[in-house]
1. Please go through the stretch 63-92 and give me each residue that is of a type in the set (Ser, Thr, Tyr) and at pLDDT below 95, ordered by number.
2. With respect to Gly86, determine if the residue is surrounded by fewer than 14 Cβ atoms within 10 Å (Cβ to Cβ) and outside the structural domain of His142 (by TED's automatic domain parsing).
3. Given the conditions (1) farther than 20 Å from Phe171 by Cβ; (2) of a type outside the set (Gly, Ala, Ser); (3) surrounded by fewer than 14 Cβ atoms within 10 Å (Cβ to Cβ), report the number of the one that Ile67 does not fulfil.
4. Kindly indicate the residue of the stretch 125-181 that is in contact with a Lys or Arg (Cβ under 9 Å, 6 or more places away or on another chain) and in a helix (DSSP H, G or I) and also farthest from Leu104 (Cα to Cα) among those meeting that condition.
5. For the condition of a type outside the set (A, V, I, L, M, F, W, C) and under 17 Å from Ile170 (Cβ atoms), what is the one hit in Tyr79, Tyr93, Tyr58?
6. Please go through the stretch 115-127 and pick out each residue that is closer than 26 Å to Leu98 by Cα and buried (at least 18 other Cβ atoms within 10 Å of the Cβ).
7. Which members of the stretch 74-93 meet the condition of being among the small types (Gly, Ala, Ser) and under 21 Å from the mean Cα position of the chain (by Cα)?
8. Of all residues in the stretch 128-178, how many are aliphatic (A, V, I, L, M), in contact with a Pro (Cβ under 7 Å, 6 or more places away or on another chain) and surrounded by fewer than 18 Cβ atoms within 10 Å (Cβ to Cβ)?
Amino acid sequence: MKQKIKLKPDKLMSGLAFVISLATLYVFFYQTSLIKKQQYTSVLPYFEIGNTQLGGDYSFILENNGIGPGFINEIKIHYKDSVYKGYDINDFYTEVILKQDTILNSQSISHSSIRKGMLITEKETRYLLRLKQDAENFDQKHLRLRDWLNKRIKIEITYSSIYDEQWKIIFPETLSPIKLN
């Protein structure tokens, strides 16, 4: 003989309240993940390294063409069998290039340093090395410096967003940053 189960209204209401609270909790976590994704994509630094010739001057630059600032985490310069950690381009230029290349000299080059922990703001351009057009033997120095920066060394910069997402750019190997983690 089958026995009918009677649900009392108070038990039905408490069961329904439990199901609704679980659904609300799911919606809350889902919305939180969407908000977090939106925040990450609204702060996306995009570093690029390259050569430019503005107003006749030759410059080797670092640009943040993304949205939001980027923090420099690490700088490495690879040359022959050595890795120069913590050196920026000017340090390497003074310590290595000037000692090996008699055509170039420190008077003809201006620079802007970058260091670990520095912030590169959105749309900021750093002129890492700049050779003025009026420098003596400009054409010869320009070609020699460009050869050093584009063919003889490899520059690796690791940077992060304010949300600790990390990227690495390797010049001249990569055209765009490589996402880490």
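1. Our first condition is that a residue be of a type in the set (Ser, Thr, Tyr); within the stretch 63-92, this holds for 79, 82, 84, 87.
Listed by number, the list holds a single entry, Tyr87.
2. Details: surrounded by fewer than 14 Cβ atoms within 10 Å (Cβ to Cβ): yes; outside the structural domain of His142 (by TED's automatic domain parsing): no.
Considered against the rule, which asks whether it is surrounded by fewer than 14 Cβ atoms within 10 Å (Cβ to Cβ) and outside the structural domain of His142 (by TED's automatic domain parsing), Gly86 comes out as no.
3. The single condition Ile67 does not satisfy is (3).
4. Residue satisfying both the conditions and the ranking: Arg152.
5. Working: Tyr93 fails: under 17 Å from Ile170 (Cβ atoms); Tyr58 fails: under 17 Å from Ile170 (Cβ atoms).
Only one candidate passes the filter, namely Tyr79.
6. Arg126, the sole residue that qualifies.
7. Scanning the stretch 74-93 gives a single hit, Gly86.
8. Looking only at the stretch 128-178, we keep the residues that are aliphatic (A, V, I, L, M), and these are 128-129, 131, 135, 143, 145, 149, 153, 155, 157, 162, 169-170, 175, 178.
Next cut, in contact with a Pro (Cβ under 7 Å, 6 or more places away or on another chain) only: 162, 169.
Among the residues that remain, those that are also surrounded by fewer than 18 Cβ atoms within 10 Å (Cβ to Cβ) are: 162.
Total meeting the criteria: 1.
The values are calculated or read from the model by the stated rules, or taken from the named source; none is laboratory data. If you're wondering where the values come from, they're calculated on a predicted model, not measured in any experiment. All Cβ positions, even for glycine, are placed from backbone atoms using ideal geometry, and neighbour counts span all protein chains on display.
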